[in-house]
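Have a look at the structure below before the remarks.
The values are calculated or read from the model by the stated rules, or taken from the named source; none is laboratory data. Since the model is a prediction, treat every value here as computed from it, not as a measurement. Cβ: placed from backbone, ideal geometry, glycine included. Neighbour counts: every protein chain shown.
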Amino acid sequence: MTDEKVLVLIKPDAMARKLFGIIIYDLAHLDLKMIGLKLVNVQKHLAEKHYEVHREKPFYPDLLKYIMGEFHNIHSIIAIAYQGEDAIKKLREYAGKTNPDDADPSTLRGKYGKVNSKTNNFDNVMHISDSPENGEKEISIWFSKEEIIE
């Protein structure tokens, strides 16, 4: 068991459907320490930096449009930094599989996610860092050092 930092983004589809309160409430029960929280208007440079690893993939342009809110006509997300023992595993298990159709119905993505037939994208409610290294990297993209309270 390791103490990890992880970034959670409550994505535009969840913001548009006003699920952010439910999501934050549910995540509060995972016994993790919230070390950063803010509302962000996602600009292209921030989206590109966050999703740089996917730059060469065919879905990259739509991924940028999605996180910038162009598919849901809402341009803000909530960024949350958490810290705790096995934080990534706890959060990713609670969120469920990336594809909402494959997510267990008891998970956040299973309950609130959907495959959007208009955009052909996953409206999967949230992003969660997938490794301790990416957790640190992603938190540094979305938060300044002064915004993190440990």
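For the stretch 97-110, residues that are surrounded by 15 or more Cβ atoms within 10 Å (Cβ to Cβ) and under 21 Å from His50 (Cβ atoms) total 5. Just checking, does the stretch 18-28 include any residue being in contact with a His (Cβ under 6 Å, 6 or more places away or on another chain) and not acidic (Asp, Glu)? There is no residue in the stretch 18-28 that is in contact with a His (Cβ under 6 Å, 6 or more places away or on another chain) and not acidic (Asp, Glu). Note on the stretch 86-120: residues that are out of contact with any strand residue (DSSP E or B) (no Cβ under 8 Å at 6 or more places or on another chain) and within 21 Å of Leu7 (Cβ to Cβ) amount to 8. Within the stretch 42-56, identify whether any single residue is under 15 Å from Val125 (Cβ atoms), among the aliphatic types (A, V, I, L, M) and part of a helix (DSSP H, G or I), and answer yes or no. The answer is no, given that none of the residues of the stretch 42-56 is under 15 Å from Val125 (Cβ atoms), among the aliphatic types (A, V, I, L, M) and part of a helix (DSSP H, G or I). A single entry from Ile67, Ile78 fulfils the requirement of being within 21 Å of Lys33 (Cβ to Cβ) and either within 12 Å of the chain's Cα centre (by Cα) or free of Cβ contacts under 8 Å to residues at least 24 places away in the same chain (or both): Ile78.
Residue-by-condition table, conditions (1) free of Cβ contacts under 8 Å to residues at least 40 places away in the same chain; (2) surrounded by fewer than 20 Cβ atoms within 10 Å (Cβ to Cβ):
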site: Asp13; (1), (2): no, no
site: Lys18; (1), (2): yes, yes
site: Ile24; (1), (2): no, yes
site: His29; (1), (2): yes, yes
site: Ile35; (1), (2): no, yes
site: Val40; (1), (2): no, yes
site: Gln43; (1), (2): yes, yes
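Within the stretch 126-149, is there a residue that is modelled with pLDDT under 95 and aliphatic (A, V, I, L, M)? Checked the stretch 126-149: no residue is modelled with pLDDT under 95 and aliphatic (A, V, I, L, M). In the stretch 111-150, of all residues being of a type in the set (Ser, Thr, Tyr) and in a loop (DSSP other than H, G, I, E, B), the one that is surrounded by the most Cβ atoms within 10 Å (Cβ to Cβ) corresponds to Ser129. Return yes when Ile24 is closer than 23 Å to Ser140 by Cβ and over 13 Å from the mean Cα position of the chain (by Cα) and no when it is not. No, not satisfied. The condition of being crowded, with 20+ Cβ neighbours inside 10 Å, under 14 Å from the mean Cα position of the chain (by Cα), modelled with pLDDT of 95 or more and part of a helix (DSSP H, G or I) holds for only one of Leu91, Leu9, that being Leu91.
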